[in-house]
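**Student:** The structure under discussion is supplied below as structure tokens; questions concerning it will follow.
The values are calculated or read from the model by the stated rules, or taken from the named source; none is laboratory data. In this text the structure is predicted, and so the values were computed from the model without any measurement. Cβ placement follows ideal geometry from the backbone for every residue including glycine, while neighbour counts extend to all protein chains displayed.
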Amino acid sequence: MAQAILFHPIGHVRSPYSDTSQIPKGCGAQHDAEGVLELLPEYEQGLTDIDGFSHLFVLWLFDRVNGFDLLASPPTDTRQHGVFATRSPRRPNPIGLTVVRLLGQDGPRLRVAGIDMLDGTPILDLKPYLSSVPIDEVKRGWLAEAEARQGQ
Ligand SMILES: C[S@@+](CC[C@H](N)C(=O)[O-])C[C@H]1O[C@@H](n2cnc3c(N)ncnc32)[C@H](O)[C@@H]1O
């Protein structure tokens, strides 16, 4: 087995969701929920100049999941898919990636919209959202087929 890697959270998500059943799932699910990315005070300086970005990547830990499956059964399809072709929480390295809209900042607290994490989720990193991939070059793989089958 490869060497383990140790990360320390830079903060935690304050979310309206206390249970996974409350988080929208499946085809067409909208993630509009607002919450707060609460950084530990010692990392506040790292937020300098973040206010000019409309969206952020949030890297976080699926801290309430045990184990992983190499084949996942996403709520968007009746068929199984390789875990690395899905956004399943049950992955070998349980790292989540969410794009949020930055609404405002109050010191080490960022108000954001678009969260899909449970309250108290550990945050591993934040980065400004930037994409240079033209939208017409983006393929949606099995998800596009599943949506077509479901008439979406
Ligand atoms: C499908 S995953 C996608 C997460 C992220 N957008 C990604 O692509 O990595 C979202 C689901 O993860 C689960 N979840 C959210 N926060 C979690 C946590 N802290 N620990 C374990 N599972 C969590 C919930 O069931 C939620 O609906």
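**Student:** Inspect all residues belonging to the range 7-18 and state whether any of them is loosely packed, with under 14 Cβ neighbours inside 10 Å, within 13 Å of the ligand (Cβ to nearest atom), under 18 Å from the mean Cα position of the chain (by Cα) and over 30 Å from GLU145 (Cβ atoms). Full working, then the answer.
**Tutor:** The initial filter retains those residues of the range 7-18 that are loosely packed, with under 14 Cβ neighbours inside 10 Å, namely 7-8, 16, 18.
Then keep just the ones that are within 13 Å of the ligand (Cβ to nearest atom); that gives 16, 18.
Now narrow it down to the ones that are under 18 Å from the mean Cα position of the chain (by Cα): 16, 18.
Narrowing further to those that are over 30 Å from GLU145 (Cβ atoms): 16, 18.
Yes, the range 7-18 contains a residue that is loosely packed, with under 14 Cβ neighbours inside 10 Å, within 13 Å of the ligand (Cβ to nearest atom), under 18 Å from the mean Cα position of the chain (by Cα) and over 30 Å from GLU145 (Cβ atoms).
Here is a yes/no grid of residues against (1) more than 10 Å from the ligand (Cβ to nearest atom); (2) crowded, with 17+ Cβ neighbours inside 10 Å; (3) touching a residue at least 24 places away in the same chain (Cβ under 8 Å):
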| position | (1), (2), (3) |
| --- | --- |
| GLU44 | yes, no, yes |
| LEU97 | no, no, yes |
| SER131 | yes, no, no |
| LYS139 | yes, no, no |
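**Student:** Scan the range 108-129 residue by residue and report those that are part of a loop (DSSP other than H, G, I, E, B) and within 16 Å of the ligand (Cβ to nearest atom). Outline the logic, then answer.
**Tutor:** The first filter runs over the range 108-129 and keeps only residues part of a loop (DSSP other than H, G, I, E, B), leaving 108, 114-121, 129.
Of everything in the range 108-129, those that are part of a loop (DSSP other than H, G, I, E, B) and within 16 Å of the ligand (Cβ to nearest atom) turn out to be GLY114, ILE115, ASP116, MET117, LEU118, ASP119, GLY120, THR121, TYR129.
**Student:** Now, a different point. So THR76 ticks every box in (1) closer than 16 Å to ALA29 by Cβ; (2) at pLDDT 95 or above; (3) in a loop (DSSP other than H, G, I, E, B); (4) not acidic (Asp, Glu) but one. Which box is left unticked?
**Tutor:** Evaluating THR76 over (1) closer than 16 Å to ALA29 by Cβ; (2) at pLDDT 95 or above; (3) in a loop (DSSP other than H, G, I, E, B); (4) not acidic (Asp, Glu) leaves (2) as the failure.
**Student:** Provide a single number: the residues in the range 82-116 that are of a type in the set (A, V, I, L, M) and within 9 Å of the chain's Cα centre (by Cα). Steps first, answer last, please.
**Tutor:** In the first step, residues of the range 82-116 are kept if they are of a type in the set (A, V, I, L, M); the result is 83, 85, 95, 97, 99-100, 102-103, 110, 112-113, 115.
Filter again for within 9 Å of the chain's Cα centre (by Cα), leaving 95, 97, 99-100, 115.
Within the range 82-116, residues that are of a type in the set (A, V, I, L, M) and within 9 Å of the chain's Cα centre (by Cα) number 5.
**Student:** Same structure again: Please state which of the following conditions VAL36 fails to meet, knowing it meets all the rest: (1) closer than 21 Å to GLY120 by Cα; (2) free of Cβ contacts under 8 Å to residues at least 24 places away in the same chain; (3) surrounded by 15 or more Cβ atoms within 10 Å (Cβ to Cβ).
**Tutor:** Every listed condition holds for VAL36 apart from (2).
**Student:** Of all residues being polar (S, T, N, Q) and at pLDDT below 90 in the range 132-152, which is nearest to VAL100 (Cα to Cα)? Just the residue, please. Break it down into steps so the answer makes sense when it comes.
**Tutor:** Filtering the range 132-152 down to residues polar (S, T, N, Q) leaves 132, 150, 152.
Add one more test, that the residue is at pLDDT below 90, and what stays is 150, 152.
Working: GLN150: 27, GLN152: 24 Å.
This residue is GLN152.
**Student:** Return the pair list, or none, for Cβ contacts closer than 8 Å from residues in the range 1-20 that are assigned to a loop (DSSP other than H, G, I, E, B) to residues that are more than 10 Å from the ligand (Cβ to nearest atom) and among the small types (Gly, Ala, Ser), at least 6 apart or on different chains.
**Tutor:** Once the first residue is assigned to a loop (DSSP other than H, G, I, E, B) and sits in the range 1-20, its partners that are more than 10 Å from the ligand (Cβ to nearest atom) and among the small types (Gly, Ala, Ser) give ILE10/GLY46; SER15/ALA33; SER15/GLY35; PRO16/ALA33; PRO16/GLY35; TYR17/ALA33.
**Student:** Just give me the residues in the range 141-152 being aliphatic (A, V, I, L, M) and away from the ligand (no atom under 16 Å from the Cβ), in sequence order.
**Tutor:** Taking the range 141-152 and keeping what is aliphatic (A, V, I, L, M), we get 143-144, 146, 148.
ALA144, ALA148, listed by residue number.
**Student:** Is there a residue in the range 71-79 that is away from the ligand (no atom under 16 Å from the Cβ), over 16 Å from the mean Cα position of the chain (by Cα) and either within 30 Å of GLN3 (Cβ to Cβ) or of a type in the set (Gly, Ala, Ser) (or both)?
**Tutor:** No - not one qualifying residue is present in the range 71-79.
**Student:** Within the range 50-67, identify whether any single residue is modelled with pLDDT of 95 or more, acidic (Asp, Glu) and either under 19 Å from ARG140 (Cβ atoms) or part of a loop (DSSP other than H, G, I, E, B) (or both), and answer yes or no.
**Tutor:** yes
**Student:** Quick test for you: out of PRO24, PRO89, pick the one residue that is near the ligand (Cβ under 9 Å from one of its atoms) and modelled with pLDDT under 95.
**Tutor:** Numbers: PRO89 fails: modelled with pLDDT under 95.
Checking each option against the conditions leaves just PRO24.
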